[in-house]
Amino acid sequence: MNDCEYMKLALELAARGTGHVAPNPLVGALIVKNNRIIGEGWHAKYGEAHAERSAIASLNESADGATMYVTLEPCCHTGKQPPCTDAILSCGIRRVVIGCTDPNPLVAGRGIRILQEHGIEVTTDVCRDECTAMNQVFFHYIRTGLPYVIMKYGMTMDGKTASRTGASKWITGETARTHVHTLRGRYTAIMTGVGTILSDDPQLTCRIPGGYPDPIRIICDSSLRTPLTANVIKQAQSARTIIATCTKDISLIGTYLSAGCEIWQMPQKGGHVDLQALCRRAGSNQIDSILLEGGSTLNWSALESGIVNKVMAYISPLLMGGAEALTPAGGTGFPDPASGLRLQNCRMTPIGEDFLMEGEIASDVYRNH
């Protein structure tokens, strides 16, 4: 096997930490000697051993002269865990193959230099694109301090998220709906607006058997209209639930606090919660990613405020029609196609009987608006 083939195995290991390591990156590591894998590991849970130390702990023979394959540059600073560079240097590994460098200012090439200064042969950028893509959320968060926001919705082929009567169950098929639950387990938080709570009373949980933890629920509710009987409130004692509001009514706030909710009092912008301020607060609370499952009003506010980084649209081969039927993003909208937000790196994937279209919004697109 060559370097790229071993790195792809390390990527498969890294993926096992999905949903459990945030705000840390997903990392996998292999140790190879005489063309045999003698150790493997991955970062399994936030606060626990990093992939390199996990791989070293799994060794079934001496690593003298071996090669380590790791998807992300080894750390060289002390956080919740000691530096991985120290562990590599102490176990006799001769060569380290790295998928991509770590943009964390505490690392940012220092891990590579430390290894090289101690006589370790270092090869970088093996399967770099795949390794970078795996940690898209981490890279964004470590560079900006803001959560990576994914706007997700399901719609018909003629662009409707609900009929003229408001009916939306079910536009997409069961396979697509199951896929959504994997997203809820992959990202740290899920955000919606009070309108969705009032119309659908969702649970906003990850219902994958034996799988991922539930995301943190964030409800944008500027005047605290969320019913105390709503599922998200009834489950607040067992699943972290944050209500972002502009109200200053202490008595009203107290009823939600008593139910187990967290209340984030936010500034108002355009008559609603200031979404940029909300994202700054989320980032400072180690929320590195948000899956936005809002209605057309919140979706437009999110696009208008410039917080959305990626869009995931589940498209059903269904036509619904209706001038008054809901669309993914409402509001005033952009005045013409030239001023709209153009997505990049788009791809289309069949999901059961439906299709998932994904695209990213580059930061300079917002700067030009």
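The values are calculated or read from the model by the stated rules, or taken from the named source; none is laboratory data. What you see is a predicted model; the values in this text were computed from it and never measured. FYI the Cβ positions are ideal-geometry reconstructions off the backbone, even for glycines, and counts take in every protein chain you see. Note: areas computed on protein heavy atoms with side chains; ligands, DNA, RNA excluded. Shrake-Rupley method; radii C 1.70, N 1.55, O 1.52, S 1.80 Å.
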**Fill in**
Inter-part gap, Cα centre of the range 96-117 to Cα centre of the range 59-91, in whole angstrom, is 12
**Message:** Output needed: percent of Cα pairs per 10 Å distance bin for the range 97-142, bins running from 0 to the one holding the longest distance.
**Reply:** 27, 51, 21, 1
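Taking the convex hull of the alpha carbon atoms in the range 140-281, what volume per residue do you get, in Å³?
142
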**Prompt:** Which whole-number percent is the relative contact order of the chain (Cα, under 8 Å, 6+ apart)?
**Reply:** 15
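Can you give me the convex hull volume of the Cα atoms of the range 1-125, divided per residue and expressed in Å³? List each step's numbers first, then the result.
Details: hull volume 11.0 nm³, N = 125.
For the range 1-125, the hull spanned by Cα atoms encloses 88 Å³ per residue.
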**Complete:** Quick calc, residue 203 & residue 95: beta-carbon distance into FRET formula, R0 45 Å, rounding 0.05, result 0.35
**Request:** State in Å² the accessible area per residue of the chain; use a 1.4 Å probe, count heavy atoms of protein chains only, and round to the nearest integer.
**Result:** 46
**Prompt:** How about residue 269: which aspartates and glutamates have a C-alpha closer than 19 Å to its C-alpha, ignoring those fewer than 8 places off in the same chain?
**Reply:** 221, 249, 304
**Asked** Which semi-axis lengths, in whole Å and largest first, follow from the square roots of five times the eigenvalues of the Cα gyration tensor of the range 296-369?
**Response** 22, 18, 10
**Request:** For the chain, return all DSSP H helices satisfying: extent of Cα atoms along own axis at least 15 Å; mean Kyte-Doolittle hydropathy at least -0.5.
**Result:** 3-14
**Prompt:** What lysines could a cross-link reach from residue 45, if we take a straight Cα to Cα line under 18 Å and drop same-chain neighbours fewer than 8 places away?
**Reply:** 80
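With the alpha-carbon atoms as the only input, what is the per residue convex hull volume for the range 52-181 in Å³?
Values: hull volume 21.5 nm³, N = 130.
Dividing the Cα hull volume of the range 52-181 by its residues yields 165 Å³.
Run the numbers for residue 3 and residue 238: contour at 0.36 nm per residue of separation, minus the present Cα-Cα distance, in nm. Please list the in-between numbers first.
On the way: separation 235, 0.36 × 235 = 84.60 nm, distance 4.47 nm.
Here the answer is 80.1 nm.
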**the chain - percent of accessible surface contributed by carbon and sulfur, probe 1.4 Å** = 50
**Asked** Between residue 264 and residues 5 or more places away or on another chain, which pairs have amide H atoms under 5 Å apart, with H built 1.01 Å from N, and which residues are they?
**Response** 243, 244, 245
**Prompt:** What lysines sit close enough to residue 310 to cross-link, taking a C-alpha to C-alpha distance under 18 Å and skipping anything fewer than 8 places away on the same chain?
**Reply:** 152
**Asked** When only alpha-carbon atoms count, how far does the range 240-320 stretch along each of its three principal axes, as whole angstroms with the largest first?
**Response** 48, 26, 26
**Asked** Which Cys in the chain stand alone, with every other cysteine's Cβ at 4.7 Å or more from theirs?
**Response** 4, 75, 76, 84, 91, 127, 206, 220, 246, 261, 279, 346
**Fill in**
Sorted by chain and then number, the residues having a modelled amide H within less than 5 Å of the amide H of residue 39, at least 5 places away or on another chain, are 31
**Message:** Output wanted: per-residue J couplings in Hz (rounded whole) for the range 90-103, from phi through Karplus 6.51 cos²θ - 1.76 cosθ + 1.60, θ = phi - 60°, x for Gly and Pro.
**Reply:** 8, 10, x, 5, 9, 9, 10, 10, 10, x, 8, 7, 9, x
**Complete:** Once amide hydrogens are built 1.01 Å from N within the peptide plane, the residues lying 5 or more places from residue 72 or on another chain with amide H under 5 Å from its amide H are 28, 99, 100
**Item:** Reported label for calculated mean projected area of the Cα convex hull in nm² given (i) 17.7; (ii) 32.8; (iii) 20.2
**Value:** (iii)
